[in-house]
Each structure stands twice: as structure tokens, then as C-alpha cells.
Amino acid sequence: MQAATDANLRRVLAAALGTEFYRPWLEAAALDSPDKIALLRDPRQALRQLPPLPAAFYCGHREQFRNPAERRFGLPDLDHPLPGKPRIAVVPGFHHARIRAFPDGLDGALIRFGPQVLAGPLRRLEQLAREFGPVPSGLLAAVHALIVLVRPHEPLLDETGRARLWELFQAPVYQQVVGFDGRLLAWECEAHEGLHLVAEHAIAESCGGAAGGPLLLTSLTDRNFPMLRLKTPWPAALIHSLCGCGQPGERIFVRVERGDAKSEDAAGLVAAGAAARPVLF
């Protein structure tokens, strides 16, 4: 696992060398060629020599992070928390052989499809609830689970938002952190005891130790627009204890807002499962 993570980190550092933003930093660290990066024994040490990256700057100055040598823009598969191959309605940006699109917006075709899982940003899921009415009518009657998709620069779903979705859909709510390339970076299991980090896809660093601080997130998959040490809006601590679901590995505990108070809660994102049957809306 560690070897695969380090290999992916070397690849994304080499991709970053081709960007306007990262090249001066890597050159200052004597990493001015892909060959030198490939020979790194400890690529994480090289990563730590780069500055924390404000999310607003990364999102607002994308041209400075473009690697012109990387031209692969394949769409990722969507992961989901249910066994088998449930019907999934999902926002655009994911690939599957049986994708259906709703270019004219939300309409009766989505109800006729009868999705068992709805996936999308919080605002889109709430929009669906407004469009199709309360449980148990129409679309909502068939839904078995919700997946809230969160980008690294966005706030995580708080307890108030989670309760609101439960009230609207009467279905379990999970979160997934997906990178700007759509790859899964972290997920919430059925135990809801933190964000399981996908070790081959992401590296997380907590600036505040056990007390929790701003989480820095690095994507190991996005070589078109490398994202290294992005400063997320999540105060977080990293833990390595066994999760209640029985899975080992690194997890992220995040403090999320509930009303005006802060509570330390394990918020996170949904397990990778079998191939999905997404529908775009």
C-alpha cells in the first residue's frame, strides 16, 4: 500500500513540475527534472517542502495549475454503499456504460427510472426533494440511500444538513469527498466513525495534531491540474485505529458545525462498492 501511494505521489510531483505554480517550488527543492523526482526515496518529504495551498487561489487561478503534458480526461466510475448494481441517479461527471442524461432538467423520466440511490451535492438533493414532494410519493419512495458529494474546497455536511436530508428522504445519508478530477479521495462507511482515506488516491495532513487543525489534502490522481496540500475548510485530526466497520487504515475526524456550536464528529464519505448504473440529472 505504501509503495503504491509513494509511486503515485512521484507521478503527481512530476506532473506538478510542468505547471506554472509548482515549478519554482520544486526547482528550489532541487527537483528540476522528472528523473530526480523518480529517484526520490521519500517523496512525502518533498511534498512537505511545498506551501499549503489556499483553496480559493487554486479554484480561481486554474491556469497556473494546468499541466499541458497530461491530456487524459477519462471520467471515473461512481462508488456506492449498496451491494450489487443498484440504479443510481448522479450529477454529471461520472462514467458508466449505461448512463442516461436528463438535459432538460428534472422531470418524470427520473421517477420512471426509479433510482435506488441518489448522489449529488447537497443543494441538488434538496432540489430533488422540492421538485418531487415528500415521502412516500414518486421518486423518493424507491430511494434506499443518499450520497452527498463534496469537493475539497467545500464544507462537509453538518449534523443539521444530515438531519434535514433524513427528514426529506427517510434514507441513510453518506458523504464522499471527490477530487476535482472526480476521483474518490475519502468515504464514509456504515459505522460513520470518520472519513476513510483512499490511500492510493490521497494524502492528508493535519496541521493541528490530535487537537484538530486545518486539513491539507493532496490528490494522487489529478495530473491534469495537480492539487498538492490544498487547505480544506475542515479542522481535522488523523487517526489510525480500527474503525467500527472492521476496516483498518487512516481516517479523518472532522469538527463540523451544528448551529452556532462546534461538535467533534466523525463526518465522512461512502465506501467503494460494485460498479454503479448512474443516471445524470
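The values are calculated or read from the model by the stated rules, or taken from the named source; none is laboratory data. In this text the structure is predicted, and so the values were computed from the model without any measurement. Cβ atoms come from the backbone with ideal geometry, glycine included; neighbour counts cover every protein chain shown. Remember, those area values only see protein heavy atoms, side chains included, never the ligands or the DNA or RNA. Shrake-Rupley method; radii C 1.70, N 1.55, O 1.52, S 1.80 Å.
With respect to residue 26, determine if the residue is touching a helix residue (DSSP H, G or I) at 6+ places or on another chain (Cβ under 8 Å) and either loosely packed, with under 13 Cβ neighbours inside 10 Å or part of a loop (DSSP other than H, G, I, E, B) (or both).
Taking the combined requirement at face value, the residue does not satisfy it.
Does residue 43 qualify as being in contact with a Cys (Cβ under 8 Å, 6 or more places away or on another chain), in contact (Cβ under 8 Å) with a residue 24 or more places away in the chain and of a type outside the set (S, T, N, Q)?
It is false that residue 43 is in contact with a Cys (Cβ under 8 Å, 6 or more places away or on another chain), in contact (Cβ under 8 Å) with a residue 24 or more places away in the chain and of a type outside the set (S, T, N, Q).
One residue is enough: does the range 92-110 have a residue meeting the conditions at pLDDT 70 or above and either surrounded by 15 or more Cβ atoms within 10 Å (Cβ to Cβ) or touching a Cys at 6+ places or on another chain (Cβ under 7 Å) (or both)?
For the range 92-110, residues at pLDDT 70 or above and either surrounded by 15 or more Cβ atoms within 10 Å (Cβ to Cβ) or touching a Cys at 6+ places or on another chain (Cβ under 7 Å) (or both): absent.
Mind telling me which of the residues 43, 54, 34 ends up being surrounded by 12 or more Cβ atoms within 10 Å (Cβ to Cβ) and touching a strand residue (DSSP E or B) at 6+ places or on another chain (Cβ under 6 Å)?
54
Write out, first by first residue and then by second, each pair whose Cβ atoms fall under 7 Å of each other, whose residues are 6+ apart or on separate chains, and whose first residue, in the range 149-165, is more than 21 Å from residue 218 (Cα to Cα) while the second is buried (at least 17 other Cβ atoms within 10 Å of the Cβ).
Close Cβ pairs satisfying both conditions: 158/256; 159/256; 159/265; 161/122; 162/173; 165/125; 165/146; 165/173.
Consider residue 265 carefully, then state whether it is among the acidic types (Asp, Glu), open to solvent by less than 50 Å² (accessible area, probe 1.4 Å) and at pLDDT below 60.
yes
Cβ-Cβ below 8 Å, separation at least six or inter-chain, first residue in the range 119-137 and more than 19 Å from residue 86 (Cβ to Cβ) and open to solvent by 40 Å² or more (accessible area, probe 1.4 Å), second in a helix (DSSP H, G or I) and modelled with pLDDT of 80 or more: which pairs?
122/161; 122/165; 134/168
Name the residue, out of 66, 48, that is closer than 11 Å to residue 228 by Cα and open to solvent by 70 Å² or more (accessible area, probe 1.4 Å).
Only one candidate qualifies: 48.
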